[in-house]
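The values are calculated or read from the model by the stated rules, or taken from the named source; none is laboratory data. The shown structure was predicted, so the numbers you read here are calculated from the model rather than taken from an experiment. Glycine also receives a Cβ, built like all others from the backbone with ideal geometry; neighbour counts cover every protein chain displayed.
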Amino acid sequence: MPRPLLAPATFVALVLLASACNRNPTTERTSNSTSAASSADVSRATTTATPAADAPLSLTAAAYLSDFTSSAEAAAKYRGRAIAVSGPIESLTADDAGLAYVLTAPNGGLTCRFADPAVWKKALPGQTLTLRGRLSADNPPALDQCTVVSVTGPRPPEFTASDLAANPPKSTGHVVVTAKIEDVEEGRITTAGGETTVRAKLVFGPPGSPRKLTGRVHQSFLQPTSPLTTGTTVTVVARPAVGEKGIELVGAVVVEVR
């Protein structure tokens, strides 16, 4: 007597049961673990890559300037990045935008602009400065939005007008002078490049002394809110040059008006 054929539904059920019995639990667990580990590795890689992109590029001012000017490809890597540079402060300058340091480097030095008008209290020419800034959009390779990271070395000596007139330093380094303005002479200075800038010639006491202190300063970020007028006490950063008739404050920058 012939056997009855399996019903279609019964046959499908048997096939599914056999497939389930042949599955290897160990293989599945290994596969799942591998997938999870791969996902974790990708997540960790993504997490660690983000801070690296934001970390500042750190180098000396001389190395930065040399690299930046070597090629367009080298300059491109600094755009949009925070840059930490270090080097000796060669000079201090001021204009309508604020104070800027020039760090010793080839081709005239590296200009770094600060928004903080009191940054001179933290660092001055003659000291070694580490700062953090960003590439200037208007004047590359200069740095803008700079902040002080660290400063090493002694500060320049500080004088009153009377002390400086009586005992001028023998070195040619920068000094900090606090003095009362005796006279202000407005004038315009034309540079070798043909640019004309407004400068004021300041004459300082000390009262009754034949030796006068003079300095030409840029009408900078301190004006017009703090005009330079006779009788005003100011703090000036400059290099004193002793002459027969007085002391010229070379490269004078008024950093504070009292």
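Odds and ends about this structure:
- The one condition from (1) surrounded by fewer than 16 Cβ atoms within 10 Å (Cβ to Cβ); (2) modelled with pLDDT of 85 or more; (3) in a strand (DSSP E or B) that Glu248 does not meet is (1).
- Some residue of region 116-134 being under 20 Å from Val217 (Cβ atoms) and polar (S, T, N, Q): no
- Test for Leu131: is it surrounded by 17 or more Cβ atoms within 10 Å (Cβ to Cβ), under 17 Å from Leu65 (Cα atoms) and at pLDDT 85 or above: yes
- Checklist (1) surrounded by fewer than 18 Cβ atoms within 10 Å (Cβ to Cβ); (2) small (Gly, Ala, Ser); (3) modelled with pLDDT under 70 applied to Ala241, failing item: (3)
- Residues that are of a type in the set (D, E, K, R) and within 26 Å of Val253 (Cβ to Cβ), drawn from region 51-90: Glu90
- Residue in region 141-190 that is surrounded by the fewest Cβ atoms within 10 Å (Cβ to Cβ), counting only those that are touching a Pro at 6+ places or on another chain (Cβ under 6 Å) and part of a strand (DSSP E or B): Val176
- Tabulated pairs, region 57-68, first under 17 Å from Leu129 (Cβ atoms), second assigned to a helix (DSSP H, G or I), C-beta under 9 angstrom, 6+ apart or interchain: Leu57/Tyr64; Leu59/Asp67
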